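To keep things clear, I will list the structure first and then write my remarks on it.
The values are calculated or read from the model by the stated rules, or taken from the named source; none is laboratory data. If you're wondering where the values come from, they're calculated on a predicted model, not measured in any experiment. All Cβ positions, even for glycine, are placed from backbone atoms using ideal geometry, and neighbour counts span all protein chains on display.
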Amino acid sequence: MDYQPPPFFSRGPAPLVRLGFFVSLAVLLMVLDARFRYAESIREVVAVLAYPLQRAALAPGELLGAAADFFTTQVALKQENEQLKAKDLLAASDLLTLESLRAENAQLRRLFDARARIPRPSTLAEILYQGRDPFSRKVIIDKGGQQGVEPGQAVIDDVGVVGQVTRVHPFLAEVTLITDKEQRTPVEVVRNGLRAVIYGGGDKGTLDLSYTAANADVQADDLLVTSGIDGTYPPGLPVARVTKIERDAAYSFAKITCIPAAGTDQNRQVLVLAREAGLPPPPVDAEPRAAGGTPKQKRAKKRE
Amino acid sequence: MAYFEQPERILLPVKVSYMALTVVLALLFNLMPWNDLVGVPDMAALVLAFWCVHQPRKMGIGIAWLVGLVMDAGNGALLGQHAFAYAFLAFGAIALHRRILWFSLWQQAAHVLPLLLASQALMLGVRLAAGGAFPGPMYFAGSLTAAALWPTATFLLLLPQRRPESVDENRPL
């Protein structure tokens, strides 16, 4: 016959046992998340629970911003107005030629029997905050699955590509910036059409044009735009500008450093571009993957 | 600080709802848009460690794990990374809880600092293993500020328990 302590002494399993249980649970989750992406449904549930907290956490900042807006001086407003007028004037002349160019372009495309490019539907979103994760460069935007945001969509600002939607919650979405270490963007050099893949530089806020041959025709101050061959980004959006090129005979690749064209760290308003409809399906992979071009998947494709 | 720790006061029993409120407030603090500010303390870790030291029966590894999960989902970090670190932190704090309260507040902070640093180091190790980049030594500055906040946190978090049980007109406080 075994003796048990009276029930008011029982304290459940020992701390070490509990620690072992929860640590193995955490490790399981991390492996599922990092390697197999099975943990998305769990993440979604927790994210929905955390959503009110997230919104509440943003309230003080928004209130402060509103107060600052209220006290904007008239001088500042007037200055901004003048600047905008000047900018408008400049843009107007471009706009006049744009219409005729667009018509001409459509006609030429028809002539070449090319598929007419339909302007993509887009969603205006606001960056809520930068994820408090020093290991990656991600921002959270205020539009999610309910507003039609899907993983893999391109995110741009008024100057160029900011990043790509990598995870969608019902009311929020995570955007991985092009400067993230895991993010790759297919680009081409405007000057000569040379295609390459640009890699995020991580913490430095720069980009690297890796695996470009040492004798490739890339010069400092070259503008890199999206090539559009991936079907994710529309072609021709500015991505980065080359700042420094190091060619070392010891390596077969040049080390090319670029700075992002878009204000990846500054702007609050961004545009989420819908993916182009009617593209032919991508070639069948060895293993079925969900639609979308998350950075992991893109890297995997590059390796193949 | 000495005025309220010298005569050992008998505290009122803690309210679980108050503990929950402080944890939620700490999470709220952590989810605020801090962007790239260096040395922002991890309030959730601090509050969890505090309750694990003061109320090891009511706060435990499981709750710390759950709070960590919310942190991960809210920040887009690797799912389970904070949960892992907080579970260790809670275990360490519970292991220390009999010893730590014999010391003065700053000495207590010195006990908590290694715990906080270790939990951050665990997260760093996990992320490096998952292919992240080292974010620089200033990554650990958050733990220093959090440990420096320990005396303040002790004062604030124990305030409701310091109220007199019955209000006495002739006694201050």
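Kindly establish whether A:Asp69 is more than 14 Å from chain B (Cβ to nearest Cβ) and either at pLDDT below 80 or touching a helix residue (DSSP H, G or I) at 6+ places or on another chain (Cβ under 9 Å) (or both). Yes: the conditions hold for A:Asp69.
Screening the candidates A:Val27, A:Val23, A:Val17, A:Val46 for the property of being out of contact with any Leu (no Cβ under 6 Å at 6 or more places or on another chain), closer than 30 Å to B:His97 by Cβ and surrounded by 15 or more Cβ atoms within 10 Å (Cβ to Cβ) yields one hit, A:Val23. Within region B:24-62, track down each residue that is among the aliphatic types (A, V, I, L, M), over 12 Å from the mean Cα position of the chain (by Cα) and outside any helix (DSSP H, G or I). Passing the criteria: B:Met32, B:Leu37, B:Val38, B:Val40. Against the definition (over 12 Å from the mean Cα position of the chain (by Cα) and either modelled with pLDDT under 90 or among the charged types (D, E, K, R) (or both)), how does A:Lys181 come out, yes or no? So A:Lys181 does not fit the description; no. When A:Gln164, A:Gln147 are checked against the criterion of being without any contact (Cβ under 8 Å) to a residue 60 or more places away in the chain and either polar (S, T, N, Q) or in contact with a His (Cβ under 7 Å, 6 or more places away or on another chain) (or both), A:Gln147 stands alone in meeting it. Only one of the listed residues (A:Lys138, A:Lys143, A:Lys181) is out of contact with any Asp or Glu (no Cβ under 6 Å at 6 or more places or on another chain), facing chain B (nearest Cβ under 9 Å) and surrounded by fewer than 24 Cβ atoms within 10 Å (Cβ to Cβ). That residue is A:Lys181. Would it be correct to say that B:Val38 is among the β-branched types (Val, Ile, Thr), touching a helix residue (DSSP H, G or I) at 6+ places or on another chain (Cβ under 8 Å) and within 10 Å of another protein chain (Cβ to nearest Cβ)? When the stated conditions are applied, B:Val38 passes them. Count of region B:5-33 residues, restricted to those that are at pLDDT below 80, exposed (fewer than 13 other Cβ atoms within 10 Å of the Cβ) and within 18 Å of B:His54 (Cβ to Cβ), is 3.
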